[in-house]
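Read the structure below first, then the notes.
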Amino acid sequence: MEWIGGGVSMLTTAEIEQCSLDTALIGKRIEKARKEKRQTQKYLAGLCDCTPTHICNIENGKIGISLELLFKISVILEKSMDYFVMDNPNANT
């Protein structure tokens, strides 16, 4: 077992490999927030400088989202970034 870290709490390589975000949940949250604002995927994509297909793929959990795009979406939809990621089982609360 390989240990990584030097502080009081050290993680194993296996624990680090399990640290990933639930992209499907993030996508569902984006879709919900977008619909609450009554925005279309096309409108949101235009504000984010990406394609509606890209927004659709994110919302459907087919692809992940960059930190920069998540930040833009959080500002546009007036939600904190925590709103999109903190319910993920692998996020620190």
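Here are the numbers:
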| quantity | calculated |
| --- | --- |
| Separation of the Thr12 and Leu25 label points, Cα + 7 Å toward Cβ, nm | 2.2 |
| Calculated SAXS-style log₁₀ I(q)/I(0) at q = 0.12, 0.13, 0.14, 0.24 Å⁻¹ - segment 11-68, Debye, Cα scatterers | -0.34, -0.38, -0.43, -0.93 |
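Every number here is computed from the coordinates shown, using simple stated rules; none is lab data. As the structure is a prediction and not an experimental result, all values here were calculated from the model. Virtual Cβ from ideal backbone geometry, glycine too; neighbours counted across all protein chains shown.
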